[in-house]
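**Student:** Please see the structure below; I have some questions.
The values are calculated or read from the model by the stated rules, or taken from the named source; none is laboratory data. Source: prediction; values computed, not measured. Every residue, glycine among them, receives a Cβ derived from its backbone with ideal geometry; neighbour counts consider all protein chains shown.
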Amino acid sequence: MEALETSATLIQYIIVKMGDEQFGIDISYIDNIVRMQSMTRVPKVADYIKGVINLRGEVIPVVSMRIKIGIDPDEYTNKTRIIIVKAEEYGRIGIIVDEVREVITLNSDDIDRISKSKDDRATYLQGVGKVNDTLVSILDLNALLSTEQA
């Protein structure tokens, strides 16, 4: 049997847990992962912006991913982390997640694209990846960090 050339690419994702769901974030966007720390509140901002932190002299806004995608409010535990991502359009931003699980590598063929609609969480997803017997929602960071509400 002859090996066929495909346009599939391997992409690494960090798997994070939010409530009972697992989400994948493209590792190329991740700058740092830090423990939960106290934040300075910022008045008159959207409810999903929890405040700002000072990370090695840089002030970084922190977003609650749970509130942004519409699941239960944050519950901080010793596993809660702030993932510092660097998005082209928005600079460095912290995203609060319940737990960082692992790094996986997915073939782009293993990700099913989903149709997006304005009224649900699919707005923030690129697709769904298959990892062994579980499904992982792959986040679209640019949509997640967008200031426009879905």
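**Student:** Using the structure shown, decide if residue 54 is modelled with pLDDT of 85 or more, assigned to a loop (DSSP other than H, G, I, E, B) and at negative phi.
**Tutor:** Working: modelled with pLDDT of 85 or more: yes; assigned to a loop (DSSP other than H, G, I, E, B): no; at negative phi: yes.
So residue 54 does not fit the description; no.
**Student:** Do any residues in the stretch 33-60 that are without any contact (Cβ under 8 Å) to a residue 40 or more places away in the chain have Cβ atoms under 6 Å from those of residues that are surrounded by 15 or more Cβ atoms within 10 Å (Cβ to Cβ) and assigned to a loop (DSSP other than H, G, I, E, B), where the two are at least six apart or on different chains, and which pairs are they?
**Tutor:** Sorted first by the residue in the stretch 33-60, then by its partner, the pairs are 51/39.
**Student:** Exactly one of (1) closer than 16 Å to residue 36 by Cβ; (2) surrounded by fewer than 12 Cβ atoms within 10 Å (Cβ to Cβ) is unmet by residue 52. Its number?
**Tutor:** So the condition that residue 52 fails would be (2).
**Student:** Something else about it: Which one is farthest from residue 17 (Cα to Cα), of the residues in the stretch 65-94 that are touching a residue at least 40 places away in the same chain (Cβ under 8 Å) and part of a helix (DSSP H, G or I)?
**Tutor:** It comes out as 68.
**Student:** Can you tell me which of 146, 137, 64 is out of contact with any strand residue (DSSP E or B) (no Cβ under 8 Å at 6 or more places or on another chain) and buried (at least 16 other Cβ atoms within 10 Å of the Cβ)?
**Tutor:** On the way: 137 fails: out of contact with any strand residue (DSSP E or B) (no Cβ under 8 Å at 6 or more places or on another chain); 64 fails: out of contact with any strand residue (DSSP E or B) (no Cβ under 8 Å at 6 or more places or on another chain).
Unique residue meeting the criteria: 146.
**Student:** Which residues, taken from the stretch 67-93, are loosely packed, with under 13 Cβ neighbours inside 10 Å and closer than 28 Å to residue 56 by Cβ?
**Tutor:** Matches in the stretch 67-93: 75, 76, 77, 78, 88, 89, 91.
**Student:** Moving on. I'd like the full set of residues that are crowded, with 21+ Cβ neighbours inside 10 Å and aliphatic (A, V, I, L, M), limited to the stretch 94-105.
**Tutor:** Correct list: 95, 96, 97.
Condition check ((1) among the basic types (Lys, Arg); (2) under 16 Å from residue 73 (Cα atoms); (3) not in a strand (DSSP E or B)) across all residues:
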{"position": "12", "(1), (2), (3)": "no, no, no"}
{"position": "28", "(1), (2), (3)": "no, no, yes"}
{"position": "37", "(1), (2), (3)": "no, no, yes"}
{"position": "46", "(1), (2), (3)": "no, yes, yes"}
{"position": "50", "(1), (2), (3)": "yes, yes, no"}
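**Student:** Out of the residues in the stretch 111-134 meeting the condition of being surrounded by fewer than 16 Cβ atoms within 10 Å (Cβ to Cβ) and at pLDDT 75 or above, tell me which one is nearest to residue 21 (Cα to Cα).
**Tutor:** 134
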